[in-house]
Amino acid sequence: MTLCSEIYQLRRAGNLKEAYAKAKQALQDPANQNRWIQEAFGWVLYDLLKCKLGDVSKAGKGASNLTEETLSKIDNWFKEYCQLDLVKRPSLLHSCMLRLACKAQKIKWRGFLDFVMWWDLQNLRPEDRQPRQLADRKTCISLELMVLYAIGRAINKLPMQDTRLIWGFNVLQDALSRYPEDPWINRSLAQIFHKQGDSQRALQHIKVTARVKRRDWWIWGELGELLEMIEPKPALMCYYHACTLQQQDRLLVNIHLRMALLLERLGRYSDAAYYARVAYETRQREGCSIPPEIHRIQRTDWYQQHCNAPRPSVPNTKLFAHLFLKGIREEDFECRYGVIDRHNPEKRITYILFSPEERLPIQHRRFKHLKNMQVGDIVEVCLYKEGKRYQVVAVQLAPLTEIEGFVQTIEGVFQQRVSQNFGFIRGVDGLSVFVPPPLAQGLKRGSRVRAVACLKPNPKRNENGWRALRVEQIE
């Protein structure tokens with residue numbers, strides 16, 4: 001049996017310590033310095049790392065309680081692999097070691113970036129760029145994406161002058177041409193641009209992440225932190241939205257503190273005091289350390305004055321979040337009141353009137369709740385103009401029953417001639433409202449009715465006239 005076969009046999013039998021010792025001893029002899037023994041040793045190192053990283057994962061250990069001995073072993077095994085200069089590249093072994101390196105990075109292995117730079121991403125195989133099918137039919141992201149995400153996590157902790165950060169930054173920017181909408185690559189780039197002081201480019205990238213992760217509270221916290229120095233009011237709305245999406249105070253302690261600091265800057269001391277108090281009480285309850293910023297706030301005169309401030313009212317942030325991710329600023333859109341004129345179930349469209357001459361069709365595909373509203377309901381429509389067309393971003397019932405000079409509720413007597421299928425309502429103030437045949441059907445002549453009436457064009461008379469949209473008999 002050859003020396004190489006012995007190493008493989010010991011490895012297959014699970015005798016990794018013996019296999020490791022035999023391979024190490026063999027490689028001390030210059031005569032054994034060949035690709036086959038080096039690769040045999042590489043597979044032994046792979047199994048040792050896989051077992052060690054698997055044990056850490058099963059134990060649920062975080063980087064904070066990993067022993068230095070464990071981290072030292074992991075680091076040493078990777079360094080030994082780097083000395084195997086005859087191992088074929090690209091190859092399955094080389095790719096498998098990179099996958100383990102990504103796992104090791106998650107437990108804060110400090111040698112990750114040096115290893116990847118040595119590994120050389122040019123050695124990625126075509127299959128490394130494809131998603132991996134697991135045994136349970138689940139799909140795992142490609143090795144390429146796995147290493148890109150790990151690079152992003154690792155370089156985020158480095159100072160700007162570190163050459164490894166510059167290398168990783170260039171790698172991620174190059175990857176963006178292949179994965180322009182990837183949320184994690186864009187997030188990592190946003191963090192670097194933010195560190196460089198380029199808030200606009202950072203915002204551009206973090207918005208890509210937010211569009212994918214819009215329902216995750218933490219991304220709105222990151223958006224708020226990024227916006228604080230350039231646009232404090234939208235930053236505060238981002239924090240409010242994070243609090244809307246996440247109700248557990250223990251997860252929001254950092255956001256509550258940042259809200260307190262930002263509200264202090266804006267001179268809203270009562271609200272600032274409330275969030276500072278919540279941040280303090282939550283940290284105290286969870287046994288966490290109290291940041292110096294909280295102690296500073298507690299010593300201020302304004303905090304002493306408002307220390308028992310009630311919970312402030314939180315604005316509805318749903319519309320803000322929608323518009324923000326579309327790049328629409330508050331000054332770019334308008335909210336208008338209109339009335340539901342009619343539904344077209346076949347085309348799945350609802351028509352809304354804003355004036356006798358202005359009607360807007362809105363598709364149910366985007367606003368499904370419209371089909372459940374009644375003709376004659378007054379709605380608030382938020383929209384903005386894009387070119388010559390209006391783009392609707394939200395439609396909701398308005399707290400109104402009338403729009404002066406355009407929509408009003410009237411009571412009066414229903415009048416109808418025997419030979420006609422339409423009728424009129426004569427209001428107490430002399431107002432005459434036309435009742436079209438579909439609404440007139442079933443109404444008794446001379447009965448008192450209540451109607452929602454709208455001022456609409458009358459083509460026969462070439463003028464605007466009052467027309468009923470909804471009618472109910474009241475006696």
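Which entries in the list LYS106/LYS213; LYS106/LYS326; LYS368/LYS388 go over 23 Å, if you measure between the two C-alpha atoms of each? Violating the 23 Å limit, Cα to Cα: LYS106/LYS326; LYS368/LYS388. Think of each Lys and Arg Cβ as +1 and each Asp and Glu Cβ as -1; about the Cα centre, that makes the dipole of region 318-475 roughly 760 debye.
Backbone amide hydrogens, once placed in the peptide plane, bring ARG470 within less than 5 Å of VAL452, excluding anything fewer than 5 places away on its chain. When only alpha carbons of region 157-230 are considered, Rg and Dmax amount to 12.1, 36 Å. For region 348-431, the set of GluC sites (Glu not before Pro) satisfying both a DSSP loop assignment and a count of at most 15 other C-beta atoms within 10 Å is given as GLU357, GLU402, GLU404. Normalised by 2.2 N^0.38 Å, where N counts its residues, the alpha-carbon radius of gyration of region 216-262 equals 0.98. Within the chain, the selection of entire DSSP H helices by a Cα span of 15 Å or greater along the long axis and an average Kyte-Doolittle value of at least -0.5 returns 16-27, 35-59, 92-106, 143-155, 163-176, 199-212, 217-227, 232-245, 253-265.
For region 407-475, trypsin sites (Lys or Arg not before Pro) meeting the loop criterion (DSSP other than H, G, I, E, B) and having at most 16 other Cβ atoms within 10 Å: ARG417, LYS444, ARG445, LYS460, ARG461.
Assign one of three labels to region 83-140, namely rounded, prolate or oblate, based on the Cα gyration tensor with a ≥ b ≥ c the square roots of its eigenvalues; rounded applies when a/c is under 1.5, prolate when it is not and a/b is larger than b/c, and oblate otherwise. Because a/c hits 1.5 or more and a/b fails to exceed b/c, region 83-140 counts as oblate. Treating each Cα of region 324-475 as an identical point scatterer and ignoring solvent, apply the Debye formula and state log10 I(q)/I(0) at q = 0.10, 0.17, 0.18 Å⁻¹. Normalising to I(0) and taking log10 leaves -0.40, -1.00, -1.09.
Spread over its residues, the convex hull of the C-alpha atoms of the chain is 245 Å³ per residue.
Once you divide the Cα radius of gyration of region 302-345 by 2.2 N^0.38 Å, the number left is 2.02. Over every Cα atom in region 25-146, the radius of gyration and the widest Cα-Cα span, Dmax, amount to 15.1, 46 Å. Centre-to-centre separation between the Cα atoms of region 265-329 and those of region 374-433: 43 Å. Relative to one another, the C-alpha centroids of region 193-223 and region 128-181 are positioned 17 Å apart. Kirkwood Rh and Cα-based Rg: tell me the resulting Rg over Rh for region 168-275, rounded to two decimals. Rg divided by Rh gives 1.02. The modelled label-to-label distance between TYR179 and GLN473, using points 7 Å beyond Cα along the C-beta direction, is 6.8 nm.
For the chain, the residue among HIS369, PHE112, PRO183 whose Cα projects farthest onto the positive side of the dipole built from Cβ charges is HIS369.
Highest average first, the peptides 244-257, 215-228 ordered by how many other beta carbon atoms sit within 10 Å of their residues are 215-228, 244-257.
With every protein chain kept in the model, how would you rank ASP271, ASP301 by accessible area, 1.4 Å probe, largest at the top? Present the calculation step by step, with values, prior to reporting the outcome.
Details: ASP271 30, ASP301 130 Å².
Final ranking, largest accessible area leading: ASP301, ASP271.
A 1.4 Å probe over all protein chains sorts PHE78, PHE354, PHE422 by accessible area into PHE422, PHE354, PHE78, starting with the largest. What does the C-alpha gyration tensor say about the overall shape of region 390-475? Classify as rounded when a/c is under 1.5, otherwise prolate if a/b is larger than b/c, or oblate. Prolate, since a/c reaches 1.5 and a/b exceeds b/c.
The values are calculated or read from the model by the stated rules, or taken from the named source; none is laboratory data. None of these values were measured; they are calculated from a predicted model. Note that each Cβ is placed from the backbone with ideal geometry, even for glycine, and that neighbours are counted across all protein chains shown. Note: accessible area is taken over every heavy atom of the protein model, side chains too, but ligands, DNA and RNA are not part of it. Shrake-Rupley method; radii C 1.70, N 1.55, O 1.52, S 1.80 Å.
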